[in-house]
Every structure is written in C-alpha cells, then in structure tokens.
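Chemist: Have a look at this one before I ask anything.
The values are calculated or read from the model by the stated rules, or taken from the named source; none is laboratory data. Keep in mind it's a predicted model, so treat the numbers as computed, not measured. Positions of Cβ are backbone-derived with ideal geometry, glycine not excepted, and every protein chain shown enters the neighbour counts.
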Ligand code: C2E
Ligand code: MG
Ligand code: MG
C-alpha cells in the first residue's frame, strides 16, 4: 500500500465518522425535541389536572409542583421546588410518622400508602390544615426514582358530609343526639357492658301534658322550653351518660357502668326534681313535670327492641300512676305486656271469626215512660276467656289501630238493626252508637264511608245517634268539626258520653251542635245520698236545657234515682233499673212488651 493510498483511506474513515456523528446529532436533536414535546405535553397535562400533582425524590425533596398544587397549598412552584414536603405541606403532628414510613419503604419496599386512596390532613402555606384525598405512585427506572402524589382538596365534601352526619344524628333544636344516634350509642354501651360485666340503665322520659303546655305558650316559647329542658337533663347526668331526644317531648338517658340498680333511684328523682322547677321563659312562667320509665341491660332484656319496649311500658305505668314519677320495669309488667300482645292477636282474629256481638240497652223517655232508644254496646265472645268487657278490649283496639275496623262493623250492624226494628215493630226508634276519638282522628276514611253506606241502604239518619267524648271536642281540628257537620247534615244526632268526667270547660257546648249530654253514671250513682251530686245533676240538666240540649242519665239503678231525675225534668235515662244491656232476641221481647212510640199511620202513609 502506498502512502497516498493510506492517506486516502484515513480521510474516508474520518468523513464516515463525521457523517455518523452528524446523523447521531440529528437523531439526538429529534429525540430531544420529541422528549421536550412530550415533557411540555406532560407539563400541560399536569397543569390542567384537577388534582394537585406533587413529585418528590426518594430523599423527600419536591421536584414537581403543578398549577393545582399552587392553588390548594398556596405555594408557587419556584418557592417550593427543592424544599422537602416534611417542611412544607405535612402538618407537624404527622411528620414523625411520615419520616418513619419513608424509611421503612426505602429499607424494605413495604408501605401502606402507595397505590391506595387515603384521606389525611395537609398544611396550607398560611398554616391552616385542610382535609385531602391522596394517592401516591412510585416511579422506578435506571436514572429516575420518584414519587408522584395526586392530591385533591376535599374540604367541601367533608363539610357536606359533616352537615349530613349532623342532620342524621342530631336533633336540630336541642343539638342532642336523635333517635338514630341514640340507637348507635345504646348498642355501643351494651357492648361495653358485655366487656365490663356492668349494667346500664335506660331511662325513657316523657314530659307530662306537654301538648297542653305548648299550646298555651306564645309562639317560639315552646322551643325555648325544650332547650331549657334539654340543658337541665344534661346537667343532672355524668359525662359518660347520654341524653337524646327521640321526638317532640320524648327523651332518653343512657346511664352507663351501673353496678347497683338502686343507685339509679336518686338519679331519677334528681331528674324529676330538676324538670319540675318552674321555667322562666322571658315573661312567662311555666310549670312542667315528666314521667320516667327505667329498664336495665342486660337484666331486663338483651336486645335493643326489648329494652325500648320495657322502657316505654315502665314509663306508661309511671304516667298512669299519676305522672311526675319514675317506674322500674318489672317482670309483672312484662306479663301484662304479653297478655296485651296476645289480645291484639286475638282481636284481629275476632273480626274474621265473627266473635263480636252487639247488646242493646234500653233508653227510656222519662216523661212518657216509653222505650224510644237503645245504646249499642259491643261484646266479645272470646273462645277461651268467654265474654270480654269493652272497657278491657276497646283501649287495646285503640292502641293497636283496630278500632276503625271494629267501629265501622258496629256502625253498620247497629244501623241495619235499627232499620229492621223500625219496620218490624213500626216504631220511631233510635240507636246510639259509641265512637272512640281515634276513629275521628285516624279513621277518617272509614268514617266517611258511613255516609255512602247510609245513602245506599236508605237508612234514615234520624234513627242514629253517635256518642263522642268531651275530649274530642277540646282539641277538635277542622277535620273533626267538618265531620260533625256532616253527621248533622245527614240527620244523625250527636251525644256527649260520660259527661262531667272530662274537661270542665263548657264553652265548647255552645260552639258545636250537640243534641244530648249523657250524665256519667258516677254522678247518678250517688243521687239518693250525696248532696253534691244531686246539685251537680240538677245543674247539668238546667244548663243543658238552656242550651237546647237534651239529657240522658246513665247508670240508673234505683227507683229513687229514677224519681229524682224525673223531678229534675231529665229527658231520658238508662240503667239496670230499666234493663241491663241484652242481646237482640231479648231486646225484641222488651220492644214487644214495653210502651213504644209507634210511627203514626199518617206518618207511615207519607213515607
Ligand atoms: P258507656 O258508653 O258509658 O256505656 C255505658 C256502660 O255502663 C256500659 O258498660 C253499660 O253496660 C254500663 N251500664 C249501663 N247501665 C248501668 C247501671 O245501671 N249500672 C252500672 N254499673 N253500669 C251500667 P259496657 O257495656 O261494659 O261498656 C263500657 C264502655 O265501653 C262504654 O261505656 C263505652 O265507652 C265502651 N264501648 C262499648 N261499646 C263500644 C263500641 O262499640 N265502640 C266504642 N268505641 N266503645 C264502646
Ligand atoms: Mg256510651
Ligand atoms: Mg257513658
């Protein structure tokens, strides 16, 4: 090879090399441009992300900080890059745990944070903490090892959650736990009794006659009263106990860690005393008492529903024994409750199995001595217990919601019966039908069907009277007032039963179109030897007549009573003196035997 040859070769090689270098440079430039473009794209992506994106190396130094991060943490990128997250966005109380977690991760690769969504608090530049939702991924490559944290400010969501939680768990007026939270707390306390082998006492507190008190107050005062009550309740108990408000005037207290049931007695008394102190509400002074039912877990029951029922029953007894007192749940109460439940079950069956019968008691026109009316009195032929008195089963029918169905059956049966008798005996006759207040309040639909039934069957309204109690008129709603007018329009008469035993206000008698007052038997019973009752009966009769109302005396048992009532010009009477309530067949014998008011031939022809 010549020298020239070798020099040529060298320059060729150099040229090739230069070309390759150039090509490489182009390649590199293109790649860098691609990377840059990708980087810019990523940057733009990061910056428009709705999450804050924070990148950080394995030493905890911040290497990336997007737009959203600036917004939620208050730091600009140039201020925070190269600082550690521990110094900046982690609240002081978490810093230790964070450092330890990092260390464990770097040593063992173990962590609970990576790739899971966690809720935690972060620190804003201005020093306030706020809740965030965070997920962290880790990037491993030969020359890049870093964490990417995606962070969302969840302050608003948390706030909304708190508002909703409060709404579902607290009574808005008193801020006491409501029924929902009460049940959770009770469950919780029951479990802690299981662990400690102690008991808890559950107190059911019901304010006495709260409705009446509330109605008598000027507006807004009822709320003030409830606030004062809840604060008195809170003051009487220990820190570990819970007062809740279940409904309008119903409160509960859970007394935890009880080892002696007797120790609950003074607490109950303290609560009663505290509540019975007069309430000064601005210019009004109010007096109020409460009744308390007490039951123990686990002694009286192991289930929440059982405890609730026990507490309620015991409270009910406290009320019926005169209010402003407490009553402990006892097994005897339990027996009573069981009997009640059985009776409800039997009552349901009674309708289907036709175990009801109506007895009729004569009502005598005192001036003419004629049998002109009868009261329909319901009887229940119980398959095991025999004849059950309405004073036993009517209250239970009322409590269990069966009264409407039973009441309608009585109405239909008794109206059919009076219509039959009127035709059969050709008499002007009326049947008086008892109604329970609940039929007027809850059974409005069933009652409204009575009118169409009467129209279809052609039974005259004049042959029917409906008995109501005084209490129904005391807080008569528009619905009740209108229904009374409906009866009136249908020609049906209205009688007030057991008059004199309820409220003493008489103003309602003028307000409504009342046809009869039935003087309660407790006044009639003593007519022959008690001057007070004598005066009372006379006064009732005189007053009723002044108002254009006729009077029926109930429970007449003696000749003397009958005579006195006649002297007082009482219009009608019923009682054992004339006849006990009897079944249809026996009543028909009375109709055949006694003087009755015949429908005159002229009237009959007209009809
Ligand atoms: P009430 O409407 O005051 O009926 C009068 C009650 O006194 C009846 O009791 C009757 O048998 C009784 N009685 C009548 N005369 C005398 C007497 O001279 N001396 C005595 N000691 N008692 C007499 P009963 O039949 O046991 O009914 C009790 C209550 O049950 C009734 O009192 C009424 O409030 C209710 N009741 C009866 N039937 C019905 C019904 O169909 N529906 C509703 N809602 N209640 C009814
Ligand atoms: Mg009656
Ligand atoms: Mg009565």
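Chemist: Consider residue 228 against the criteria (1) touching a residue at least 12 places away in the same chain (Cβ under 8 Å); (2) not in a helix (DSSP H, G or I): it satisfies all of them except one. Which criterion is unmet?
Modeler: It is condition (2) that residue 228 fails.
Chemist: Among the residues of the stretch 41-67, which ones are farther than 28 Å from residue 86 by Cα and loosely packed, with under 10 Cβ neighbours inside 10 Å? Lay out the reasoning, then the answer.
Modeler: Our first condition is that a residue be farther than 28 Å from residue 86 by Cα; within the stretch 41-67, this holds for 41.
Within the stretch 41-67, none qualify.
Chemist: Shifting gears a bit: Could you please find all residues in the stretch 467-491 being within 17 Å of residue 436 (Cβ to Cβ) and away from ligand 3 (no atom under 13 Å from the Cβ)?
Modeler: 471, 472, 473, 474, 475, 476, 477, 479, 480, 483, 484, 487, listed by residue number.
Chemist: If a residue must be more than 45 Å from the chain's Cα centre (by Cα) and either under 29 Å from residue 513 (Cα atoms) or more than 9 Å from ligand 1 (Cβ to nearest atom) (or both), how many such residues does the stretch 547-557 contain?
Modeler: 0
Chemist: Give all pairs with beta carbons closer than 6 Å in which a residue from the stretch 533-554 that is closer than 17 Å to residue 494 by Cβ and modelled with pLDDT of 95 or more meets a residue that is within 16 Å of ligand 1 (Cβ to nearest atom) and assigned to a helix (DSSP H, G or I); count only pairs at least 6 apart in sequence or on separate chains.
Modeler: Listed by first residue and then by second, the contacts come to 554/521.
Chemist: To continue, here is another question. When you scan the stretch 354-454 for strands (runs of 3 or more DSSP E) that lie fully inside it, which ones turn up with 3 or more residues that are surrounded by 15 or more Cβ atoms within 10 Å (Cβ to Cβ) and within 16 Å of ligand 3 (Cβ to nearest atom)?
Modeler: 356-365, 370-382, 430-434
Chemist: Hey, another quick one. Take the conditions under 19 Å from residue 420 (Cβ atoms), assigned to a helix (DSSP H, G or I) and assigned by TED's automatic domain parsing to the domain that holds residue 418 and apply them to residue 472. Does it pass?
Modeler: In short, no.
Chemist: Right, next: Given 361, 439, 455, which one is at pLDDT below 95 and within 10 Å of ligand 1 (Cβ to nearest atom)?
Modeler: Selected residue: 439, the only one of 361, 439, 455 that is at pLDDT below 95 and within 10 Å of ligand 1 (Cβ to nearest atom).
Chemist: Next question, about the same structure. So how many residues does the stretch 251-264 have that are in contact (Cβ under 8 Å) with a residue 24 or more places away in the chain and either out of contact with any helix residue (DSSP H, G or I) (no Cβ under 9 Å at 6 or more places or on another chain) or more than 28 Å from residue 168 (Cβ to Cβ) (or both)? Step through it out loud before you land on a result.
Modeler: Of the stretch 251-264, the ones in contact (Cβ under 8 Å) with a residue 24 or more places away in the chain are 251-259, 261, 264.
Going one step further and asking which of them are either out of contact with any helix residue (DSSP H, G or I) (no Cβ under 9 Å at 6 or more places or on another chain) or more than 28 Å from residue 168 (Cβ to Cβ) (or both), we end up with 258-259, 261, 264.
So the count comes out to 4.
Chemist: Moving on. If residue 499 passes every condition in (1) over 20 Å from residue 377 (Cα atoms); (2) within 16 Å of ligand 3 (Cβ to nearest atom); (3) at pLDDT 90 or above but one, which one does it miss?
Modeler: (1)
Chemist: Check 43, 70 and return the single one that is part of a helix (DSSP H, G or I) and within 20 Å of residue 130 (Cα to Cα).
Modeler: Only one candidate qualifies: 70.
Chemist: Filter the stretch 505-528 for residues that are at pLDDT below 90 and over 25 Å from residue 483 (Cβ atoms) and give the result.
Modeler: Listed by number, the list holds a single entry, 528.
Chemist: Now for a different question. Within the stretch 197-221, which residues are closer than 25 Å to residue 255 by Cα and loosely packed, with under 12 Cβ neighbours inside 10 Å?
Modeler: 197
Chemist: Return yes or no: is residue 307 exposed (fewer than 15 other Cβ atoms within 10 Å of the Cβ) and either under 30 Å from residue 190 (Cβ atoms) or under 25 Å from the mean Cα position of the chain (by Cα) (or both)?
Modeler: In short, no.
Chemist: Further question on the same structure: Does residue 325 meet the test of being modelled with pLDDT of 95 or more and assigned by TED's automatic domain parsing to the domain that holds residue 308?
Modeler: When the stated conditions are applied, residue 325 passes them.
Chemist: Could I ask something else about it? Determine whether residue 428 is within 23 Å of the chain's Cα centre (by Cα) and away from ligand 1 (no atom under 11 Å from the Cβ).
Modeler: no
Chemist: Right, next: Go through the residues of the stretch 495-517 one by one and say whether even a single one is within 23 Å of residue 367 (Cα to Cα), assigned to a helix (DSSP H, G or I), more than 16 Å from ligand 2 (Cβ to nearest atom) and in the same structural domain as residue 465 (by TED's automatic domain parsing). Let's see the steps before the verdict.
Modeler: Initially, the stretch 495-517 is screened for residues within 23 Å of residue 367 (Cα to Cα), giving 495-499, 514-517.
From the residues that got through so far, the ones that are assigned to a helix (DSSP H, G or I) too are none.
No: zero hits.
Chemist: Only residues that are in contact (Cβ under 8 Å) with a residue 24 or more places away in the chain, crowded, with 16+ Cβ neighbours inside 10 Å and under 17 Å from residue 577 (Cβ atoms): list them for the stretch 491-532, please.
Modeler: 518, 519, 520, 521, 524, 525, 527
Chemist: Suppose the filter is under 17 Å from residue 375 (Cα atoms), within 16 Å of ligand 3 (Cβ to nearest atom) and loosely packed, with under 15 Cβ neighbours inside 10 Å; does residue 576 pass it? Steps first, answer last, please.
Modeler: Values: under 17 Å from residue 375 (Cα atoms): yes; within 16 Å of ligand 3 (Cβ to nearest atom): yes; loosely packed, with under 15 Cβ neighbours inside 10 Å: yes.
Here the answer is yes, as residue 576 does meet what is asked.
Chemist: Another question, then. Which residue out of 38, 83 is over 53 Å from the mean Cα position of the chain (by Cα) and either touching a residue at least 24 places away in the same chain (Cβ under 8 Å) or exposed (fewer than 12 other Cβ atoms within 10 Å of the Cβ) (or both)? Spell out how you get there, then give the answer.
Modeler: Working: 83 fails: either touching a residue at least 24 places away in the same chain (Cβ under 8 Å) or exposed (fewer than 12 other Cβ atoms within 10 Å of the Cβ) (or both).
Exactly one of 38, 83 is over 53 Å from the mean Cα position of the chain (by Cα) and either touching a residue at least 24 places away in the same chain (Cβ under 8 Å) or exposed (fewer than 12 other Cβ atoms within 10 Å of the Cβ) (or both), namely 38.
Chemist: Of the residues that make up the stretch 154-173, is at least one within 21 Å of residue 303 (Cβ to Cβ) and part of a helix (DSSP H, G or I)?
Modeler: There is no residue in the stretch 154-173 that is within 21 Å of residue 303 (Cβ to Cβ) and part of a helix (DSSP H, G or I).
Chemist: Within the stretch 87-115, track down each residue that is farther than 17 Å from residue 73 by Cα, modelled with pLDDT of 85 or more and within 45 Å of the chain's Cα centre (by Cα).
Modeler: 93
Chemist: In the set 552, 556, which member is out of contact with any helix residue (DSSP H, G or I) (no Cβ under 6 Å at 6 or more places or on another chain), within 16 Å of ligand 2 (Cβ to nearest atom) and closer than 18 Å to residue 370 by Cβ?
Modeler: Checking each option against the conditions leaves just 552.
Chemist: Sort out for me the helices (runs of 4 or more DSSP H) sitting completely within the stretch 519-594 that have 1 or more residues that are in the same structural domain as residue 495 (by TED's automatic domain parsing) and within 23 Å of residue 387 (Cα to Cα).
Modeler: Working: elements: 521-524, 531-546, 559-567, 584-593.
Qualifying helices (runs of 4 or more DSSP H): 521-524, 584-593.
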